[in-house]
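Accompanying notes for the structure given below.
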Amino acid sequence: MTTVPAIEGWFSDTALLGTRCASCGSYFFPPERTLCRNPACGSSELDVTELSRRGKVWSFSVNHYDAPAPFMGKAPYTVVAVELATEEMVVLGQLADGVDPSELRIGDEMEVVIERLFVDDDGNEHMVWKWNTT
Amino acid sequence: MEHDVAVLGVGMHPWGKWGRPFVEYGVAAARAALDDAGLTWPDVGFIAGGETIRNGYAGYVAGATFAQALGWTGVPVATCYAACAAGATAIDIARARILAGLCDVALVVGADTTPKGFLAPTWGDNASDPDWRRFRLLGATNPTYFALYARRRMELCGATEEDFARVKVKNAKHGLNNPNARYKKEYTVADVLESPMVSDPLRLLQICATSDGGAAVVLASMDYAKSRGFDAPARVSAVSTITPTFPNTVMEMPNFSTDSAATVAPPELPFRDAIAAAAYEEASVSPDDLSVAEVYDLSSALELDWYENIGLCKQGEAERLIRDGDTTIGGRIPVNPSGGLACFGEAVPAQAIAQVCELVWQLRGQADGRQVENAKVGLSINQGLFGHGSSVIVTR
């Protein structure tokens, strides 16, 4: 089985990849590659950076119905919003496999993991970031 | 006020799930609005259409589609898309045209025919579309985002599932007598809490449906209104179509993250508060002046957020307003007397126009069976995907 990222350039083997403006220091996820979005800055020098691997639950929701295509999963599945302290931003992700969402509370510490999103018809395993409890 | 334009006519095609071409609904609404104004289609000097993205090419050029269906008159046209804010943006374009002296009368029309189920990406299998990505990578439907806000509200403000249900119960009661509403049925808190869980903590009866429908308004300069014998027409006194200010710390659909506030402090007003503030400032009115509001209850929980965003109460006090009946017709400041999205479901490009229709009926005293007494100032508010503000203040 070949392992491929479900989306290119958004995460490494261990962390989310964002960009950081070399001029004003603003962080961006997904990685912004064209222009710093701080309107007072205007720099186009954006460096790829690993985002904090840990953060705290800002909110979450368990979905009880399948989302429409191009979603490939099955309900129930959980979407978690996690607040990263250094970057001062909230990043969405699915809850890691095997975590019971009824145990989840706002403020809980979470850690990013890279897990399977789906397997395609050719047997390729598509990977994505998810949030795991610590 | 010098920026006021008159609303001479309003009209709607009832909301439902009819599955007929959206043009039919738009034409019906336009004709109703023209009749209401006592004008005919050739009197119109500009037409603005709200685009629908789920009805093929005719929907992309909705303004011209409506103009063709009404009969070509050579009238200048614009079509705009701003997701749920499309109607307000179309109103804004028409208003600007009138205020610039380029026309006396403008017609604004929005109509939609919606598919069943969750709204989904429309652009095919295109991995560069952020809307495609959020479905593929997260399975984040629109109700998922509403649910994130709702749970946050429960944590920060002590909101309960019962509070969210109370919003649905109130709106269902308001919409019972509205001839244009799709759902005319009373519910109890227990009914709502027994409906299936969709995106925890939101249940089916707390999430708005997607609907077919059409709405239209006829706007005119104050001088033209006077010349046609309108002594005290309802007036559009403000239209707010602002975008967020960086860093936007609200988790907006279809985004994967908020903006980072690590190097620039967040703006004094969060985005939704800023939408309302811009409208209040333009109309020179304050929340205390409001008689009635139409807010976008995509979820019943979101309606509570709007109470605070439009300044009806401080943050954390919205639950008290719904529990005390302040926002029920007969209360201090009735919200969604039309029944809101709870009774309509959403017909995207028509919805912000429909909100304005309701405000006009309220201010004229023509909202039979759901009238807010002595309504003088009404505010509508809503927000379009990606960061489109939408708020209209109507005065009389």
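Just so you know, all these numbers are worked out from the coordinates, no wet-lab data involved. Here the structure is a predicted model, which is why all the values come from computation and not from measurement. Note that each Cβ is placed from the backbone with ideal geometry, even for glycine, and that neighbours are counted across all protein chains shown.
Quick check on the exposure proxy: order B:Ser211, A:Ser61, B:Ser221 from fewest to most C-beta atoms within 10 angstrom. Numbers along the way, then the final one.
On the way: B:Ser211 25, A:Ser61 28, B:Ser221 20.
Ascending number of Cβ neighbours within 10 Å: B:Ser221, B:Ser211, A:Ser61.
In peptide B:144-156, how many Cβ atoms from other protein chains are near each Cβ within 10 Å, on average? Can you show the working numbers first?
Working: counts 10, 5, 1, 6, 9, 3, 2, 8, 5, 1, 2, 6, 2.
What the average comes to for B:144-156 is 5.
Output the antiparallel fraction of DSSP beta bridges having both residues in the protein assembly as shown, as a percent to the nearest 5.
75
Given the rule -39500 (n - 2.57) for each run of at least 4 DSSP H residues, summed and divided by the residues of chain B, what is its mean residue ellipticity at 222 nm, to the nearest 500 deg cm²/dmol?
On the way: 14 runs with 143 residues, N = 396.
So the helix-based figure for chain B works out to -10500 deg cm²/dmol.
Give the Rg/Rh ratio for the protein assembly as shown, taking Rg as the radius of gyration of the Cα atoms and Rh as the Kirkwood radius, to two decimals. It would help to have the intermediate numbers written out before the result.
On the way: Rg = 23.3 Å, Rh = 23.8 Å.
Reported Rg/Rh (Cα atoms, Kirkwood Rh): 0.98.
Where does each of B:Lys173, A:Lys56 land when they are ranked from fewest to most other beta-carbon atoms within 10 angstrom?
Details: B:Lys173 18, A:Lys56 15.
Ascending number of Cβ neighbours within 10 Å: A:Lys56, B:Lys173.
With N set to the residue count of chain B, report its C-alpha Rg divided by 2.2 N^0.38 Å to two decimal places. All intermediate terms of the calculation are to be shown ahead of the outcome.
Numbers: Rg = 19.7 Å, N = 396, 2.2 N^0.38 = 21.4 Å.
In units of the globular-protein estimate, chain B measures up at 0.92.
Do any GluC sites (Glu not before Pro) in region A:33-129 lie in a DSSP loop with no more than 13 other beta carbon atoms within 10 Å, and if so, which? Don't skip to the answer; put the middle values down first.
Values: sites: A:Glu45, A:Glu50, A:Glu83, A:Glu87, A:Glu88, A:Glu103, A:Glu109, A:Glu111, A:Glu115, A:Glu125; in loops: A:Glu45, A:Glu87, A:Glu88.
For GluC sites (Glu not before Pro) across region A:33-129 that sit outside H, G, I, E and B with at most 13 neighbouring Cβ atoms in 10 Å, the list reads A:Glu45.
Of the lysine pairs in chain B, how many meet both conditions: Cα atoms under 17 Å apart, and a spacing of 8 or more in sequence or different chains?
Number of lysine pairs found: 9.
Which ordering of A:His64, B:His13 is given by a fewest-first count of other beta-carbon atoms within 10 Å? It would help to have the intermediate numbers written out before the result.
Numbers: A:His64 15, B:His13 27.
Going from sparsest to densest Cβ surroundings: A:His64, B:His13.
I need the fraction of alpha carbon pairs in region B:53-154 separated by more than 20 Å, rounded to a whole percent. All intermediate terms of the calculation are to be shown ahead of the outcome.
Working: 2852 of 5151 pairs.
Roughly 55 percent, rounded to a whole number.
If you average 1/r over all unlike Cα pairs in region B:340-396 and invert the result, what Kirkwood radius do you get in angstrom? Before the final figure, lay out the partial values.
On the way: mean 1/r = 0.0824 Å⁻¹.
This gives a value of 12.1 Å.
Restricting to chain B, what percent of DSSP beta bridges are antiparallel, rounded to 5? Each step should come with its number before you reach the end.
Numbers: 35 of 51 bridges.
Percentage antiparallel, nearest 5: 70.
Can you give me the three principal axis dimensions of region A:51-133 from its C-alpha atoms, in Å, biggest first?
Its Cα atoms span 40, 26, 21 Å along the three principal axes.
Quick one: Karplus J couplings for region A:61-74, per residue in order, coefficients 6.51, -1.76, 1.60, θ = phi - 60°, nearest Hz, x for Gly and Pro?
So the J values, rounded to whole Hz, are 8, 8, 8, 9, 10, 5, 5, x, 4, x, 5, 10, x, 10.
Would you mind checking which residues have amide H under 5 Å from A:Ser26's amide H? H placed 1.01 Å from N; only 5 or more apart, or other chain.
For A:Ser26, whose amide H was placed from the backbone, the distant partners under 5 Å are A:Cys21.
Summarise the partner chain shielding of A:75-87 as one whole number: the mean count of Cβ atoms from other chains within 10 Å of each residue's Cβ. Provide the component values of the computation, followed by the final result.
Working: counts 3, 2, 3, 4, 10, 2, 11, 1, 1, 4, 1, 2, 6.
Shielding by partners across A:75-87 averages 4.
Can you give the relative contact order of chain B as a percent, counting alpha carbon pairs under 8 Å and 6+ residues apart? Write out the running numbers ahead of the final one.
Values: 949 pairs, mean separation 99.5, N = 396.
Once normalised by length, the contact order is 25 percent.
Determine the shielding of peptide A:38-44 by partner chains: average, over its residues, the number of Cβ atoms on other chains within 10 angstrom of each Cβ. Walk me through the numbers before you get to the answer.
Working: counts 6, 3, 3, 3, 0, 0, 0.
Shielding by partners across A:38-44 averages 2.
So how do B:66-79, B:143-156, B:377-390 stack up, highest first, on mean other-Cβ count within 10 Å?
Values: B:66-79: 16.6, B:143-156: 22.6, B:377-390: 24.7.
The peptides rank, most packed first, as B:377-390, B:143-156, B:66-79.
Is the shape of region B:203-281 best called rounded, prolate or oblate, per the rule: a/c under 1.5 gives rounded, else a/b larger than b/c gives prolate, else oblate, with a ≥ b ≥ c the square roots of the Cα gyration tensor eigenvalues?
Values: a/c = 3.74, a/b = 1.66, b/c = 2.25.
In terms of gyration-tensor shape, oblate.
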